[in-house]
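Heads up: the structure comes next, in structure tokens.
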Amino acid sequence: MNFLDGALFPENQDKLIITAAPYGPEWIPSDFPEDIPVTMAEQVQKAVDCYNAGATVLHLHVRELDGKGSKRLSMFNELIAGVRKAVPDMIIQVGGSISFAPESDGAAAKWLSDDTRHMLAELDPKPDQVTVTINTTQMNVIEHMDERDIAGTSLATPENRRAYSEMIVPSNPAWYEEHIRRLTAAGIQSAFQFYNLNSFETVERLMRRGVYKGPLVCNWVAISGGMDAPNIYNLSNFVRAMPDGAKLTVESSMRNVLPINMVGMALGLHVRCGIEDNIWNQTRTGRMTTVQQIEQLVRLAGELGRPVATGKEAREILQIGVFYDTVEESLAANGFAPNQRGGQQGYLRKVA
């Protein structure tokens, strides 16, 4: 992304898109009962509350009545339908880390291997986006947390600490290429989760080969533990590599969320907040609900003079539903340099 004269002025930036992540699958309801919805009606209402506060993208996970994260396709379909009816302009982004489980004996064979995650392309009603991780990586979400961040919560128990520090996100080429193709065929936008510069570079190569032909909509996920650490050097290096047409949201965890979001807002990027990322105020003297976090960002955006996008404006900015016919059109629309003519294209490009 190029920062020309005036690039820091709000009139030269997109309106701010706020993504809300209010479902917090790593927590159990007793960790924050004031702000963890459990019933389907409560989960739909949480989306409504986030939208009314100023968030226009909903990062969606689903809970069963026992408070545990759901792996049932039918539950996701029910929540998506409920949110669509309640707040039709809100962009629904399903967290792509989910692997579904069979709901009947006859379905068991269909849910083997990577097809469990590919079922995200078969959600009905379909979401606007599904997050797509690129390249297998460690996802130790505990690594840069302070012990006080999780004291007294379920994350502090030995079994949960072990589970969330040992997580690995599997994303090999055979899986993500097929997944992107299925999402595109279903008209669902791939929202790329970039953990560092090399995951972005892989997507650029996919776009140059024609595996993905659409808007480059992505998150810089700065939570350490196998991903970038949340500091200005990593962010500036990452932003410098982004083409000017990319739509980039910054994301971090715990008390890094607010300062990273403030930097992102000043630079003209987009932001994410919610209890999936952080449950504390900046002095760790109290917990903040997702709605309170959204309201805080709206106030700060006002101080910067940067308007917050409406749902319809966010859809236009993120180009929901837009796909391109050719590689050349896709590269130009996103601000990439064109592919070389007559140069070394490589074996992988020739067989794409």
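The values are calculated or read from the model by the stated rules, or taken from the named source; none is laboratory data. Here the structure is a predicted model, which is why all the values come from computation and not from measurement. Backbone-built Cβ (ideal geometry, glycine too); neighbour counts: all protein chains shown. The accessibility values were calculated without ligands, DNA or RNA, using every heavy atom of the protein model including side chains. Shrake-Rupley method; radii C 1.70, N 1.55, O 1.52, S 1.80 Å.
If we keep just the residues of segment 122-132 that are out of contact with any helix residue (DSSP H, G or I) (no Cβ under 7 Å at 6 or more places or on another chain) and open to solvent by 20 Å² or more (accessible area, probe 1.4 Å), which is nearest to His61 (Cα to Cα)?
In this case the residue turns out to be Lys126.
So which residues in segment 214-260 are of a type in the set (Val, Ile, Thr) and touching a Pro at 6+ places or on another chain (Cβ under 8 Å)?
Ile223, Ile260
In segment 273-286, is there at least one residue being open to solvent by 20 Å² or more (accessible area, probe 1.4 Å) and either in contact with a Leu (Cβ under 7 Å, 6 or more places away or on another chain) or closer than 24 Å to Gly214 by Cα (or both)?
Checking segment 273-286: at least one residue is open to solvent by 20 Å² or more (accessible area, probe 1.4 Å) and either in contact with a Leu (Cβ under 7 Å, 6 or more places away or on another chain) or closer than 24 Å to Gly214 by Cα (or both).
For segment 306-330, which residues satisfy the criterion of being part of a loop (DSSP other than H, G, I, E, B) and either over 14 Å from Gly214 (Cβ atoms) or without any contact (Cβ under 8 Å) to a residue 60 or more places away in the chain (or both)? Give the derivation first.
Pass one, segment 306-330, residues part of a loop (DSSP other than H, G, I, E, B): 306-307, 309-310, 319-326.
Matches in segment 306-330: Arg306, Pro307, Ala309, Thr310.
Within segment 39-51, is there a residue that is under 17 Å from Gly274 (Cα atoms), open to solvent by 30 Å² or more (accessible area, probe 1.4 Å) and touching a residue at least 60 places away in the same chain (Cβ under 8 Å)?
Within segment 39-51, one or more residues are under 17 Å from Gly274 (Cα atoms), open to solvent by 30 Å² or more (accessible area, probe 1.4 Å) and touching a residue at least 60 places away in the same chain (Cβ under 8 Å).
Listed residues Asp14, Asp35; which is within 22 Å of Gln296 (Cα to Cα) and open to solvent by 10 Å² or more (accessible area, probe 1.4 Å)?
Asp14
Restricting the first residue to segment 167-180 and requiring it to be open to solvent by less than 10 Å² (accessible area, probe 1.4 Å), which pairs with a second residue that is charged (D, E, K, R) meet a Cβ separation below 8 Å and a spacing of at least six or different chains?
Trp175/Asp114; Trp175/Arg117; His179/Asp114; His179/Arg117
I need the full set of residues from segment 176-194 which are more than 13 Å from Leu206 (Cα to Cα) and either at pLDDT below 95 or assigned to a helix (DSSP H, G or I) (or both), in order please.
Answer for segment 176-194, where residues must be more than 13 Å from Leu206 (Cα to Cα) and either at pLDDT below 95 or assigned to a helix (DSSP H, G or I) (or both): Arg182, Leu183, Thr184, Ala185.
Restrict the check to segment 209-220 and report whether at least one residue is loosely packed, with under 15 Cβ neighbours inside 10 Å and of a type in the set (D, E, K, R).
Step one: filter segment 209-220 for residues loosely packed, with under 15 Cβ neighbours inside 10 Å, giving none.
For segment 209-220, residues loosely packed, with under 15 Cβ neighbours inside 10 Å and of a type in the set (D, E, K, R): absent.
In segment 45-83, what residues are out of contact with any helix residue (DSSP H, G or I) (no Cβ under 7 Å at 6 or more places or on another chain), among the hydrophobic types (A, V, I, L, M, F, W, C) and under 24 Å from Ser30 (Cα atoms)?
Leu65, Met75, Phe76
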